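Undergrad: Okay, here's the structure, questions in a sec.
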Amino acid sequence: MKLIVTGGAGFIGSAVVRQAVAEGHEVVNLDALTYAACLENLAPVHNAPNYTFVEADIRDRAALDAVLAEHAPDAIMHLAAESHVDRSIDGPGDFIETNITGTFNLLEAARKYWTEQGRPEDFRFHHVSTDEVFGSLGADGMFTEDTSYDPRSPYSASKAASDHLVRAWHETYGLPVVMTNCSNNYGPYHFPEKLIPVVILNALAGKALPIYGDGSNIRDWLYVEDHADALLLVLQKGGLGRSYNIGGENERTNLELVETLCSILDEERPRETGSYKDLITFVTDRPGHDARYAIDPARIRDELGWRPSVTVEEGLRRTVLWYLENEPWWKPLQERQGVGERLGKG
């Protein structure tokens, strides 16, 4: 297939691009190169004959029309988004403009292109979203594709709006779409403002390891390369108009997660004295912090035969080793605006 991947220089997007190129697809990476983008994420495929990079912004409708006309894709995988909850608390405007207006622009550009191409039956628009649109769970239950939306942050509200737009363009205009909502991703090339890379890099620097509240918030953790595999499967075999929840089947409290990272670091890069767990520091919780996320992946398992291949313990060890071996990648990113600072205090 010939794919346009939006946000392909980001964390999840670059994993999708690397996987798609490896599978032999022709990939056009469309990215605006905002603060969290990193072209070094694409170093493994940079010189591949089936990879092309185009710098463009999904907020620019004319640019989108031009890219679609020039590259004539078989499918669009839409991953471009502002994604950091804490930043959305401090500056929600960027999230509205990119995640909502940008998605609208892309849908309209895709609809125009699809119509002009004669409405090909094999065209796909794959919208990639998050489980945060469903809100917060109690101690029991799991998110399914039929769970009502209940977003609690500007970020999750903007993603919920984009999900609704995609469904509406399918129902109203017949645009052939597939949709996915994923749990928390982690792994190589994770931008160093999210929990797991923050913990690893702070630990290596001997800094405090901040945990919001009492560390009891629960997330389901999904290794990013497993996620990329699932996304490409849904793109090619998912039912039109269907949504698929993609989860790692790896629930952990934030405290459990950080303690596991500390144990791995104690083995791989021991401190001169004590354990990295000694650096754990509990900080004031962020506003609207959802208590628990958990995904029921029955639909993607039963309909498409997909399950995650990596346990959280295996994935965390791979991730720690990757960061230990790739300081030239992450060191410059720590100088970018807001990285390493406490954001989202409300």
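Undergrad: Filter the strands (runs of 3 or more DSSP E) completely within segment 172-260 down to those with at least 2 residues that are touching a Gly at 6+ places or on another chain (Cβ under 9 Å) and modelled with pLDDT of 95 or more. Outline the logic, then answer.
TA: Details: elements: 177-182, 184-186, 209-212, 218-223, 243-246, 251-253.
Here the list reads 177-182, 184-186, 218-223.
Undergrad: Would you check which residues across segment 272-291 are assigned to a loop (DSSP other than H, G, I, E, B) and either at positive phi or touching a Leu at 6+ places or on another chain (Cβ under 6 Å) (or both) and list them? Even if it seems obvious, please write down each step before you answer.
TA: Within segment 272-291, the first condition is being assigned to a loop (DSSP other than H, G, I, E, B), and the residues that meet it are 272-275, 284-291.
Residues satisfying the conditions are 274, 288.
Undergrad: Please determine whether any residue of segment 144-151 is exposed (fewer than 14 other Cβ atoms within 10 Å of the Cβ), more than 23 Å from the chain's Cα centre (by Cα), modelled with pLDDT of 95 or more and not hydrophobic (A, V, I, L, M, F, W, C).
TA: no
Undergrad: Select the strands (runs of 3 or more DSSP E) contained entirely in segment 1-107, then report the ones holding at least 1 residues which are modelled with pLDDT of 95 or more, more than 23 Å from residue 169 (Cα to Cα) and touching a helix residue (DSSP H, G or I) at 6+ places or on another chain (Cβ under 7 Å).
TA: Details: elements: 2-6, 26-31, 51-55, 75-78.
In segment 1-107, 26-31, 51-55 are the strands (runs of 3 or more DSSP E) which contain 1 or more residues that are modelled with pLDDT of 95 or more, more than 23 Å from residue 169 (Cα to Cα) and touching a helix residue (DSSP H, G or I) at 6+ places or on another chain (Cβ under 7 Å).
Undergrad: Just need a number here: residues in segment 112-143 that are surrounded by fewer than 22 Cβ atoms within 10 Å (Cβ to Cβ), of a type in the set (Asp, Glu) and either under 20 Å from residue 181 (Cβ atoms) or out of contact with any Asp or Glu (no Cβ under 7 Å at 6 or more places or on another chain) (or both).
TA: Total meeting the criteria: 3.
Undergrad: So, of the residues in segment 17-34 that are within 22 Å of residue 104 (Cα to Cα) and either of a type outside the set (A, V, I, L, M) or in contact (Cβ under 8 Å) with a residue 40 or more places away in the chain (or both), which turns out to be surrounded by the fewest Cβ atoms within 10 Å (Cβ to Cβ)?
TA: Per the criteria, the residue is 34.
Undergrad: Still on this model: Which of the residues spanning segment 96-111 are surrounded by 22 or more Cβ atoms within 10 Å (Cβ to Cβ) and either under 17 Å from the mean Cα position of the chain (by Cα) or not hydrophobic (A, V, I, L, M, F, W, C) (or both)?
TA: Scanning segment 96-111 gives 98, 99, 102, 103.
The values are calculated or read from the model by the stated rules, or taken from the named source; none is laboratory data. Since the model is a prediction, treat every value here as computed from it, not as a measurement. Note that each Cβ is placed from the backbone with ideal geometry, even for glycine, and that neighbours are counted across all protein chains shown.
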